[in-house]
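First the structure, in the form of structure tokens, and then the observations on it.
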Amino acid sequence: MTSGIKKLINSVDSCVDEALYGLVRASEGLSLLKGHRVVIRSDLDNLRGKVALLSGGGSGHEPAHGGYVGAGMLSAAVAGGVFASPPPASILAAILCLHNAGAAGVLLIVKNYTGDRLNFGLAAEQARNHGITVDMVIVADDCAFDRPSKAGRRGLCGTVLIHKLAGALAEEGCPLDQIVLKMTEVLKRIGTLGVGLSPCSVPGCLPSFDLPPGDMELGLGIHGEPGIKRSKVASADEVVKLMIDQMTNPDSQSHLPLKSGDSVVVCVNNLGALSCLEMGVVTRAAIICLENQGVVVARVMSGSFMTSLEMAGVSLTLVRANQETLRLFDARTTALAWPHLSNVCVTGCRYISDPPLQCIDVEFVGEVFHVMRKTLERVCFTLLEKQEELNSLDRAAGDGDCGNTHAQAARAIQEWLQDHRVPGCPGKLLSVLAGLVQEKMGGSSGALYSLFLTAAAGHVTEEQSSAAAWASAIHAGTEAMRRCGASACVGVLFICLWAIMCLLTKRATLGAEGTCNLTAQAGRASYIAAERLTLPDPGAVAVAATLRAVLEVLEGQK
């Protein structure tokens, strides 16, 4: 393969054709037009008497445009080479195929790039010479430049939304001239802006531009064309606000007019390499930013809709929506890449469910209130003190966060102690602690501690808090962990517990050190070769430190 950025392809020359092959073979209802890079509906008979929709452009923007072929969206899509406009011959072949299927005219949906306009325009003229009714809608939704060039605003992810709205109208039997008229009006109410964190690279080539580490570029195009400015990467909230402010700035000739009370459809589009986690964060930021401005968020779509190969970045598309617009968005489509959207307005929709009422009375104060509080404070201090030590041990076999997770639990308990009185009933205290570590600690450690504490809580009450009761509680906790598949962890815990129950602090430390010879059966450490694990288990060290802190407080009460 030609040198360049690593790609998981077979060859530069064949990657587009093989990608189209993969799309149609994995999708029911799609076919390839022989001799052309055209994805077309297999059920062409259903087009008879309806307007057919044809779009396309360079490859590298997947799922655009082949992923939007289906009932209720595109009738066919034409693909060019990577970032290259498709040839007029293939566009014309698609038009002829749709016409021969009995379509009542063909609408071309074209992004505002010179190559696309020329090639689709030429094919349209050739089709008219065949007596075919053809019209064209040019999508120019870029809000980046205050004063666009003579070529006009670029066509971006708003194109996908035009596919959906026009496709719904065509499916209803709307005539071609009316679809064009309605889409022309919608285009006045749509805007898109992108931000890039990294460049992209055409297969076989080096990156299309350089972007220093820690920088981002606002307003770049979907082929890596320059944006309007570069700056240091900021938080997601700050970046989204910057984007929306730029898109709606009335001083810009390419702005989208937007005021409080307007309803919008929001499209959060992954440009290629953002993680799903980041996409969720950006989607949240977009919703909150718009709602803070009094804008009603009617619909939200978040995902990869028009990408730029492996570019790390995101674009936001806003459509000012009326009831007709929302009806068309909600209309059914079989297109593979269109998301299943809720038809309920996002703003005003309840999105947090109340948890079940807790039956634990955490305000009860018993005789041992001061001892329990002092014990908890000492445990928290110890875990925070050992945070980096535990992280260091965990880096040898895990992801290096054992100290952090225990510190999170310690801080959560400290915060709880500031606002609540410690219940004098040991069982109630264990239940409270189980809830705290489950919610705040996270990971396997949080689940294990919560499981142990929950099971142990029922064995120590105001009436039953003797040594025998505590032994029974510890046994119940370890058995609960074992039943849930944490037998290896039980062994680690038991080494520490046995030592502490014998009031031998030194034995607890030695017990933790003895875990050097234990083979991990679960968690990330289970994937590490045994011979590489030469340090004690950080979880065992944390347990030993916790129990040692408890013992020291109790011994101080003698």
Of the numbered conditions (1) assigned to a loop (DSSP other than H, G, I, E, B); (2) under 30 Å from residue 12 (Cα atoms); (3) in contact (Cβ under 8 Å) with a residue 60 or more places away in the chain; (4) small (Gly, Ala, Ser), residue 85 satisfies every one except a single condition; which is it? (3)
Considering each residue of region 28-47, count those that are free of Cβ contacts under 8 Å to residues at least 40 places away in the same chain and aliphatic (A, V, I, L, M), and give that number. 1
May I ask you to verify whether residue 188 is closer than 30 Å to residue 325 by Cβ, in contact (Cβ under 8 Å) with a residue 12 or more places away in the chain and not acidic (Asp, Glu)? no
Go through (1) crowded, with 17+ Cβ neighbours inside 10 Å; (2) in a helix (DSSP H, G or I); (3) within 23 Å of the chain's Cα centre (by Cα) one by one and return the number of the condition residue 238 breaks. (1)
Can you name the residue in region 186-206 that is of a type in the set (A, V, I, L, M) and out of contact with any helix residue (DSSP H, G or I) (no Cβ under 7 Å at 6 or more places or on another chain) and, of all such residues, is surrounded by the fewest Cβ atoms within 10 Å (Cβ to Cβ)? 206
For region 138-168, how many residues are in contact (Cβ under 8 Å) with a residue 24 or more places away in the chain and either surrounded by fewer than 20 Cβ atoms within 10 Å (Cβ to Cβ) or among the small types (Gly, Ala, Ser) (or both)? 13
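Here's the yes/no breakdown for (1) outside any loop (DSSP other than H, G, I, E, B); (2) under 30 Å from residue 332 (Cβ atoms); (3) of a type in the set (Phe, Trp, Tyr); (4) in the same structural domain as residue 264 (by TED's automatic domain parsing):
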| position | (1), (2), (3), (4) |
| --- | --- |
| 151 | no, no, no, yes |
| 159 | yes, yes, no, yes |
| 174 | no, yes, no, yes |
| 186 | yes, yes, no, yes |
| 203 | no, no, no, yes |
| 206 | no, no, no, yes |
For region 253-273, give me the residue count where each residue is within 15 Å of the chain's Cα centre (by Cα) and in a strand (DSSP E or B). 5
Please enumerate the residues belonging to region 212-224 that are within 18 Å of residue 273 (Cβ to Cβ) and surrounded by 15 or more Cβ atoms within 10 Å (Cβ to Cβ). 216, 217, 218, 220, 221, 222, 223, 224
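The values are calculated or read from the model by the stated rules, or taken from the named source; none is laboratory data. Predicted, not measured: the structure shown is a model, and the values here were computed from it. In this analysis, Cβ positions are derived from the backbone assuming ideal geometry, glycine residues included, and neighbour counts consider all displayed protein chains.
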